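Report on the structure given below.
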Amino acid sequence: MSASLDLKPAIELDLKELADLLTRSFEKYFLPILFTPSTFASIVRLDGIDLNTSRVFLRDEEPVGCALLAHRGWTTRLAAMGVVPEARGSGVGRRAMEQLIAESRERRDKIMVLEVIEQNIVALKLYKSYGFEMERSLTGFRIDKPQGIADKNLEEVDIRQIARLLSNEAPENLPWQASAGTLAQMGRPNCGFRLGAAYAAISDPTKPQIAIRSLVVERGEQRKGHASRLLRALFTKFPEKTWAISIIWPEEIAPHFFESLGFRREELSQFQMKLVL
């Protein structure tokens, strides 16, 4: 007979307890992650995590996993779900998923979305069994110490300006972390730049690795070299860096653009999935 599984609000644990549980829940995962109270607090703020509706999984009163949820309008995102190694394969994930969906329906949500590592066959099978359907493939890119071309017209702009443009120009169903709503939450040390009709938001440029948070070109100006010139100007402004795009870039959007600049694809990829409730 399997032990009972209870779910309780994540808000009932403090930040350190949640960070430690998340770290344990992602041990031996495709992308092991070390969560600290500081990094976890940043994720909560940036991704709009609701700790009241997020859940900690309890088996015999011991935490064995957790799920982080975020909400925008009628849409809920399963931002993260993990189970500690010793509890995997025992049905914890399936029972938790069933309850999470039930609670989402009780809130009268219309849609639940998530991203899952494509190579994570177990998780992919779980989500499909509950009716999640694939919206698109997501990929990531990386390049080390690229050569650039300086441009005196490169200027810094407010990230909120880029978010407004992204909201107007990009598909409505961008991945949550790549969306205008998420981008608008970013402040320093992230920063935004413009060159001509192209705009880019990047992470802290003083660090050895810089993440390209967003890249968008004004309507009617795509495929005219604006984005390439902008990135090359940034490579020169911030030399000797590793530049990366997280695995949240939609496969169908300019599929060969980054590789044409010398970026290599990340080995892992993701599926963006949706469940109509």
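Give me the strands (runs of 3 or more DSSP E) completely within the stretch 1-94, filtered to those with at least 1 residues that are under 30 Å from ILE159 (Cβ atoms), ordered by residue number. Give the derivation first.
Numbers: elements: 5-9, 55-59, 62-72, 75-83.
Of the strands (runs of 3 or more DSSP E) lying wholly inside the stretch 1-94, those with at least 1 residues that are under 30 Å from ILE159 (Cβ atoms) span 62-72, 75-83.
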What are the residues in the stretch 194-219 that are of a type in the set (A, V, I, L, M, F, W, C), more than 18 Å from THR242 (Cα to Cα) and in contact with a strand residue (DSSP E or B) (Cβ under 7 Å, 6 or more places away or on another chain), if any? ALA197, ALA198, VAL216, VAL217
Among (1) modelled with pLDDT under 95; (2) touching a strand residue (DSSP E or B) at 6+ places or on another chain (Cβ under 7 Å), PRO32 falls short only on (2)
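Return yes or no: is LEU58 modelled with pLDDT of 95 or more and more than 26 Å from LEU268 (Cβ to Cβ)?
On the way: modelled with pLDDT of 95 or more: yes; more than 26 Å from LEU268 (Cβ to Cβ): yes.
Yes, satisfied.
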Just to check your reading of the model, which residue among LYS110, LYS145, LYS128 is modelled with pLDDT of 95 or more and over 29 Å from GLY181 (Cβ atoms)? LYS145
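Is there a residue in the stretch 261-271 that is over 26 Å from ARG136 (Cα atoms), outside the structural domain of GLY48 (by TED's automatic domain parsing) and surrounded by 17 or more Cβ atoms within 10 Å (Cβ to Cβ)? First the steps, then the outcome.
Initially, the stretch 261-271 is screened for residues over 26 Å from ARG136 (Cα atoms), giving none.
No: the stretch 261-271 contains no residue that is over 26 Å from ARG136 (Cα atoms), outside the structural domain of GLY48 (by TED's automatic domain parsing) and surrounded by 17 or more Cβ atoms within 10 Å (Cβ to Cβ).
For the structure I just gave you, tell me whether GLU156 is farther than 20 Å from ILE247 by Cα, acidic (Asp, Glu), exposed (fewer than 15 other Cβ atoms within 10 Å of the Cβ) and out of contact with any Leu (no Cβ under 8 Å at 6 or more places or on another chain). Even if it seems obvious, please write down each step before you answer.
Working: farther than 20 Å from ILE247 by Cα: yes; acidic (Asp, Glu): yes; exposed (fewer than 15 other Cβ atoms within 10 Å of the Cβ): yes; out of contact with any Leu (no Cβ under 8 Å at 6 or more places or on another chain): yes.
Considered against the rule, which asks whether it is farther than 20 Å from ILE247 by Cα, acidic (Asp, Glu), exposed (fewer than 15 other Cβ atoms within 10 Å of the Cβ) and out of contact with any Leu (no Cβ under 8 Å at 6 or more places or on another chain), GLU156 comes out as yes.
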Does any residue of the stretch 205-225 turn out to be surrounded by 16 or more Cβ atoms within 10 Å (Cβ to Cβ), within 18 Å of ALA163 (Cα to Cα) and among the basic types (Lys, Arg)? yes
Residue set LEU261, LEU215, LEU277, LEU166; condition in contact with a Ser or Thr (Cβ under 9 Å, 6 or more places away or on another chain) and without any contact (Cβ under 8 Å) to a residue 60 or more places away in the chain; output residue LEU166
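The values are calculated or read from the model by the stated rules, or taken from the named source; none is laboratory data. Values in this document were obtained by computation on a predicted structure and should not be read as measured data. Virtual Cβ from ideal backbone geometry, glycine too; neighbours counted across all protein chains shown.
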